[in-house]
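The values are calculated or read from the model by the stated rules, or taken from the named source; none is laboratory data. Nothing here was measured: the structure is a model prediction, and the numbers come from that model. Note: ideal-geometry Cβ built from the backbone for every residue, glycine included; neighbour counts use all protein chains shown. The protein model used for the area step is the full one, side chains on, heavy atoms only, and it has no ligands, DNA or RNA in it. Shrake-Rupley method; radii C 1.70, N 1.55, O 1.52, S 1.80 Å.
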Amino acid sequence: MSEEKEFTLPPPRKGAFPPTIGANPNPTSRLGDDPELEPPLPKVKDSYGRMISTKKANMPFIKYGKWKEEQAEIEERRKRRAEKRKQGEELSDWEDDPDQKKEEESALVVFFKTLFVLVVIFTLSGKFVTGSLT
């Protein structure tokens, strides 16, 4: 039988590797490393006063900060109205009342509007199919 040769690794390369075919001639950067390739996103303050970028991952924090500001404004309006009530001043309807509910249409009105639109659409589609409105 033949003798088996012992396996040995080749000696380590001392120079740089030659470029491969199809290698990217323009190096890319990691996010934020090169401001020319990837311009930095604008930064805003979050609800805790920190400056954060406007990337998608930070949007919940930014939205929460906006909601928190809106709630603070509503609370401020409530306090102003309460002070005016204590002083006995007249509160006008045009003044912002945070506790006042927005007027909504009743479900019956919405139902009849939808029904009317569906009847009109059904009638017009019949006109195109049969040529008459009846």
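Some points to look at:
- Count of the range 104-124 residues which are part of a loop (DSSP other than H, G, I, E, B) and of a type in the set (A, V, I, L, M): 0
- Pick from the range 46-60, criterion of a type in the set (D, E, K, R) and open to solvent by 100 Å² or more (accessible area, probe 1.4 Å), ranking: farthest from ALA72 (Cα to Cα): LYS56
- Residues in the range 124-134 that are at pLDDT 85 or above and open to solvent by less than 70 Å² (accessible area, probe 1.4 Å): SER125 only.
Residues are listed down the side, and each one gets a yes or a no for (1) part of a helix (DSSP H, G or I); (2) loosely packed, with under 10 Cβ neighbours inside 10 Å; (3) at pLDDT 90 or above:
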position	(1), (2), (3)
PRO11	no, yes, no
LYS14	no, yes, no
ASN26	no, yes, no
GLY32	no, no, no
VAL44	no, no, no
GLY65	yes, no, no
ARG77	yes, no, no
